[in-house]
Each structure stands twice: as structure tokens, then as C-alpha cells.
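The values are calculated or read from the model by the stated rules, or taken from the named source; none is laboratory data. Everything numeric in this text was worked out from a predicted model, so none of it was measured. Methodologically, a virtual Cβ is constructed for each residue, glycine included, from the backbone with ideal geometry; neighbour enumeration extends over all protein chains shown. Areas reflect the complete protein model, heavy atoms only, side chains present, ligands, DNA and RNA absent. Shrake-Rupley method; radii C 1.70, N 1.55, O 1.52, S 1.80 Å.
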Amino acid sequence: MKSISLNIDKTFGVITKEQVDALESEVKKGMEMLHKGTGKGSDFLGWLHLPSSVNEAELNDIEATAAKLRTCEVVVVIGIGGSYLGTKAVVEAMNNSFDWLRKKRKNPVIVYAGHNIGEDYLSELCEMLEGIKFGIINISKSGTTTEPAIAFRVLKKLLEKNLGAAATKDCIVAITDKARGALRTLADREGYKTFVIPDDVGGRFSVLTPVGLLPIAVAGVSIRDLVKGAVDMEKATGAEVSFAENIASIYAATRNALYAEGKKVEILANFHPKMHYVGEWWKQLYGESEGKDGKGIFPASVDFTTDLHSMGQWIQEGERIIFETVISVETPDNNLVVPVDEADLDGLNYLAGKRIDEVNKMAELGTQLAHVDGGVPNIKITMPELNAYYIGQLFYFFEKACGISGYILGVNPFDQPGVEAYKKNMFALLNKPGYEKESEAIKAK
């Protein structure tokens, strides 16, 4: 099998190869901290060898549970952050973009809840689920995170109304802590099928646990191919692989070299519409891992060529604090050519007979050249095809590079203390028991 590849040549001019190579010792230190567990956040390194630790029995169990859930018309995945973004990234990338238009489907429609507190969103979802058999995959380590907990309470009531209380347990799967928490207690009491969120895997690194694998399997995507891709990338980016041959090491070093030169924003760009949520997952991975202690590259994402007609101007001529990492898919799944039109009123006959992808690739190359000329260094990641195997490679590559990069930066890449700030204020404003002092302090403001 081929592999995803990395090209940093178009960063040279802003930085040099020598600057990247000069970070080799820092990369090696970061790699050693990961593999020996000597760095900050070492109790959350379960993702490091996760792909190669997934066994046949686990895959069989996940696939069997997914098959049962596929008897539902709709499956609602309840979760927020890492409990939702990785799944949505893979499902959106792998499924037909217009599958929702089909009258007959092989797999249930996958929808999401618990990733916001939108009353209209949840009300409209309930309206569409009224009277039908739907499944719920509830993902929460504690079972008390506000957004998913509200969604589950509402949707559980609706499912009981639709099917009767006795029948609901066969349509609900809980992915939660192995022993503690509100959701674990409820699942044990009600007899829900459960899977465990490993204690040593943080949410943003959890896509290759049941958190991602179960809903991805329900959507009909091969989780075996996904895991195989990640296993191969785990080997390709191992501690024993030389710096020059290790694409995770090179990516981590390059982005830190650019950061040292004042490039404070990294834009993840793609030219394939199905990759949108890969960008959303990537933003959480890097934003939550590196944005702390007053440090960190700000992660942003764009979909080209769409966003060339909105953000393109700023990227081309705005403040020079940015660099781009472009994901390029080499070969599309389909073959569609531009047709001939006798009138040629739109002037496109010069493209007649060319594949749409050829036009897209020239837009990609033209954009890269224009942005580099405009002072925006470009890193390029090439995927041979858009399939589960290469997505598995891509996800593990980004995870490994993120851990190394965070250690080069000097932060703990595996905690997220800043996420709790809004929660404390929200609980105080809602007069949650135990937050009386905070409530009084806010009122005093």
C-alpha cells in the first residue's frame, strides 16, 4: 500500500531546511518523552499505541453492535468535542455527500446531538424523530457534561414514547467510563450495551476507540481499514524511525520553525469538499493541545476553492502571520468530464473533455503558487485516495505530530484547563448546587 506523504519545500524562503533540521534534537526529546512517558500529561498516552492494540475480539464486538443499530432508521450520536468531531470527520469523508436524498438506504442516517445547547436544533431533531425507531449512541465519560446530558435526557424520553420504555434499552448504547460516573450507573441499571472510554485516552485522541469506531461502523465505513491505516502510520512514525524519514517529526519541526519566525496562524486547507470536518477535528486537536500558557499556533481551516471566494483575499494579501498546510487527494473516486456546449456562451469549451478533477488540481497548484508568492509558506500533505485506510493514516499522523509539537513548544499537549472557565461561569449563572460562591461573585460584577 502507498502512504500519505509530506512536502515542506514551499516553506523555504520564509524558513530554511537548516532551521528545520536544527530542531531535530528537540523533536527527539519530544519523541522520547512520548515513548518513555516522561513528559507532561504522560497519564494520557493511551492513544500512542492504540491502533496496534485494537484486537479482533474488540472489532467483532463493535461490528456486531453496529449491525444491531443498523436496524434503526436513524442513529443519533450524542457527544461533544472529541466525542463527536472524529466520527463526523470520517463519516462525512467516506459517505456519499447526497445520501440523505436516497429513498432506500443501506445504512441508517447518522445525526448528531449534544454538541451544542441549541433549543431550536434539539426541538427540530425531536420533530423529525417523532414516531420512528431510532438508535442512540451516548458518549460521555462522566454522563454529566451539560450539552450531551441534556440531549440524552430529552432523546431518551422521546425514544420511550416512540417504542415503549421496555424496548428502548436495545436501541441505546453507552460509551463511558469502565466503573464510575452517572452514565455508567444508568447503563448498568437499565441494561444498555456499553463500551469503555479508556482512562488514558483524551477525547480529541479517541477516534480509534469505540467512541469513533462504533458510530463509524454503523455508518457502513470499514473500521478495519481505518485501524489498519493507523497501525501502518504508527510504525512509520515510530521512535526508531530517523528524523529525515519520519513525516510526523518533520511536520512538527516545520510548524515550530515557522512559529519562531512569527507565523502565528496555521490554516489547514483542502480542495475536496468531503474533507471539511477533518479540518474541524484537526482544529480541536491542535487548538486544545497547544493553546495554553500564552503560547500556541492558532489553528484555522478553509475549504477551497469555495473559500477562495471569501477568505482568499485575506490569505493572499492580509497580515503575514499565517502559513498553510494543504491536504491534497491525488485520485478521486469518480470520473466526470466537462461537456461540449455548441453555443459556448460561458466560454468553457477550452475545458471540454477534461476531467473536473484536472480543473481542480490546476486550481490547487495555481493557489499554492499565488499564496507562496504572496508570502504564505505552504506545507503539502498528499493522500493517494480518500478512503478509510488513508484517513486512518492521516489521523494518526496528525496525533503523533501534535504530541511532539506540543513538547517542542513546552506545554502539556494532553490537558485542557482553559475549557473549564466557561463551565464555572455557566454553572454559577444557572445556580447549580455547589457554585453558590461563584454565583455571588458574578452577581457582584
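Assorted remarks:
- With all protein chains modelled, accessible area of K161 [1.4 Å, Å²]: 140 Å²
- Per-residue 3J(HN,Hα) values for region 264-271, derived from phi via the Karplus relation 6.51 cos²θ - 1.76 cosθ + 1.60 with θ = phi - 60°, read 8, 10, 10, 9, 8, 10, 9, 10 Hz in sequence order (x marks Gly and Pro).
- Under the Karplus curve 6.51 cos²θ - 1.76 cosθ + 1.60, θ = phi - 60°, whole-Hz ³J(HN,Hα) for region 295-307, x wherever Gly or Pro sits: 10, x, 6, 7, x, 10, 9, 9, 10, 9, 8, 3, 7
- Cα pair count fraction exceeding 25 Å, expressed as % - region 11-156: 50 percent
- Debye log10 I(q)/I(0) for region 232-280, one point scatterer per Cα, at q = 0.18, 0.24 Å⁻¹: -0.79, -0.92
- Only protein heavy atoms count here; under a 1.4 Å probe, M383 has an accessible surface of about 0 Å².
- Convex hull of alpha carbon positions in region 1-74: directionally averaged projected area 10.0 nm².
- A simple rule links phi to the HN-Hα coupling: the Karplus curve 6.51 cos²θ - 1.76 cosθ + 1.60 with θ = phi - 60°, which for region 361-368 gives 5, 6, 5, 4, 5, x, 5, 4 Hz, with x for Gly and Pro.
- For region 48-128, the alpha carbon convex hull comes to 122 Å³ per residue, rounded to a whole number.
- Calculated diffusion of region 366-428, Stokes-Einstein form, Kirkwood radius summed over Cα pairs, 37 °C and 0.692 mPa s, µm²/s: 211 µm²/s
- Expected-Rg normalisation [2.2 N^0.38 Å, Cα atoms] applied to region 256-404: 1.17
- Peptide ranges 344-351, 137-144, 91-98 listed from the most packed, as the mean C-beta count within 10 angstrom indicates: 137-144, 91-98, 344-351
- When the pairs K104/K169; K133/K157; K361/K400; K88/K274; K103/K169 are compared against a 19 Å limit on Cα-Cα distance, K104/K169; K361/K400; K103/K169 fall above it.
- Fraction in percent of alpha-carbon pairs per bin - 10 Å, region 108-255: 10, 32, 31, 16, 9, 3, 0
- K17 accessible area, assembled protein chains, probe 1.4 Å, Å²: 110 Å²
- Summarising the strand pairing of the chain, around 10 percent of its internal DSSP beta bridges are antiparallel.
- Kirkwood Rh, angstrom, the chain [1 / mean 1/r, Cα pairs]: 23.5 Å
- Atom-type composition of the exposed protein surface of the chain places 54 percent of the accessible area on carbon and sulfur (1.4 angstrom probe).
- Exposure ranking of H35, H309, H49 by accessible area [1.4 Å probe, largest first]: H309, H49, H35
- Ranked packing of 198-206, 324-332, most packed first, by mean Cβ within 10 Å: 198-206, 324-332
- Rh (Kirkwood; distinct C-alpha pairs) - region 235-325, Å: 14.5 Å
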